[in-house]
Amino acid sequence: MAAASFTPKVPKSWDRDPLLKVDHLSMRFGGLVAVGDVSFRAGRGEVTAVIGPNGAGKTTVFNCITGFYKPSTGRLALMQGGPATMAELDALTAGGRAWAKTAAGATYLLERLPDHKVSSRAKVARTFQNIRLFSGMTVLENLLVAQHMSLTQAGLINPVALLNLPSWRRKQKAALELALYWLDKIGLTARADDPAGDLPYGDQRRLEIARAMCTQPVLLCLDEPAAGLNPRESHELNTLLRAIRTEHQTSILLIEHDMSVVMEISDHVVVLEYGRKIADGAPGDVRNDPKVIASYLGVEDEAEAVAVTGVPA
Ligand SMILES: Nc1ncnc2c1ncn2[C@@H]1O[C@H](COP(=O)(O)OP(=O)(O)OP(=O)(O)O)[C@@H](O)[C@H]1O
């Protein structure tokens with residue numbers, strides 16, 4: 001009898017080299033389970049989109065990853081440098097510490113870090129659904145203030161800064177250069193000295209992303225960056241996100257309702273519904289998943305349902 005042909009399953013890129021491993025994440029608010037036992041990986045250097053109908057738990061997942069909420073249960077392992085081995089992860093979890101050096105770099109358990117260390121040590125940056133720029137400060141000042149942490153670490157409250165020593169001046173110069181780099185990247189150099197609040201909406205959105213990039217994150221979390229953008233602004237956003245991914249190898253985690261953005265720039269899509277994961281895969285696979293189609297067929301926003309599934313609601 002002829003042997004049955006066997007095609008070995010090739011692991012997905014996000015399973016081969018995850019930057020972030022979310023394991024059994026749950027978040028309860030009183031009796032409400034906003035997120036229930038959700039696990040997924042975000043690949044290093046990839047764009048991972050988290051999608052789902054309103055109230056699916058997307059922002060809650062984000063708030064747990066970025067330190068705004070302490071999850072009820074679950075492990076959020078961010079692995080800088082390269083993936084940790086299972087033994088390294090288990091030892092870190094059992095040891096009760098928040099981070100450890102690993103053979104590949106360092107691993108942080110985000111659920112154990114104070115929220116300011118999620119950004120300063122684990123290097124996770126985020127933007128919000130509603131723009132949160134300092135609207136009275138100039139465009140350039142917004143980019144400089146983002147680097148306040150690294151400047152204070154360099155010594156705002158130590159003698160190096162007070163005496164204006166060369167090492168402090170070098171740090172200040174590097175901060176200005178980084179700010180000017182991102183200003184150029186978002187095409188706003190000519191508006192450096194204008195109040196951020198005077199910029200058109202789409203420019204403010206890109207400035208927020210540039211501000212987050214000034215913290216030099218390994219993981220950039222964007223909560224509905226395309227909300228309220230017109231098609232031209234959406235296109236500019238896609239271009240910026242692609243540049244961040246390809247030129248800076250920064251991994252991006254994205255919540256987005258605009259499916260043209262999701263389908264165009266994502267490597268990997270995770271779908272939530274009622275706080276549970278219902279699909280996880282490449283954009284084309286997720287789009288054709290019967291569970292995703294069923295979930296989106298009930299949504300009120302017909303354009304969104306058609307964009308995800310190709311089927312009118
Ligand atoms: N701080 C909170 N206290 C109580 N309930 C909350 C809190 N935050 C979120 N929830 C509830 O958790 C559920 C998931 O909300 P979440 O905002 O995470 O969903 P979402 O997928 O981001 O929705 P949307 O697309 O509308 O932003 C909802 O039922 C919401 O009302």
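Values computed for the structure shown
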read-out: Single residue of VAL269, VAL261 found to be in contact with a strand residue (DSSP E or B) (Cβ under 7 Å, 6 or more places away or on another chain), within 16 Å of the ligand (Cβ to nearest atom) and either outside the structural domain of LEU188 (by TED's automatic domain parsing) or assigned to a strand (DSSP E or B) (or both); value: VAL269
read-out: Number of positions in the stretch 210-251 that are away from the ligand (no atom under 16 Å from the Cβ), outside any loop (DSSP other than H, G, I, E, B) and within 19 Å of ILE51 (Cβ to Cβ); value: 9
read-out: Scope the stretch 38-74; condition away from the ligand (no atom under 15 Å from the Cβ) and outside any loop (DSSP other than H, G, I, E, B); matching residues; value: SER39, ARG41, ALA42, GLY43, VAL47, THR48, THR73
read-out: Test result for ALA77, small (Gly, Ala, Ser) and part of a loop (DSSP other than H, G, I, E, B); value: no
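Residue-by-condition table, conditions (1) of a type in the set (D, E, K, R); (2) modelled with pLDDT under 85; (3) under 27 Å from GLU233 (Cβ atoms); (4) outside any helix (DSSP H, G or I):
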{"position": "MET149", "(1), (2), (3), (4)": "no, yes, no, no"}
{"position": "GLN153", "(1), (2), (3), (4)": "no, yes, no, no"}
{"position": "VAL160", "(1), (2), (3), (4)": "no, yes, no, no"}
{"position": "ARG169", "(1), (2), (3), (4)": "yes, yes, no, no"}
{"position": "LYS173", "(1), (2), (3), (4)": "yes, no, no, no"}
{"position": "ASP184", "(1), (2), (3), (4)": "yes, no, yes, no"}
{"position": "GLY187", "(1), (2), (3), (4)": "no, no, yes, yes"}
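The values are calculated or read from the model by the stated rules, or taken from the named source; none is laboratory data. Nothing here was measured: the structure is a model prediction, and the numbers come from that model. FYI the Cβ positions are ideal-geometry reconstructions off the backbone, even for glycines, and counts take in every protein chain you see.
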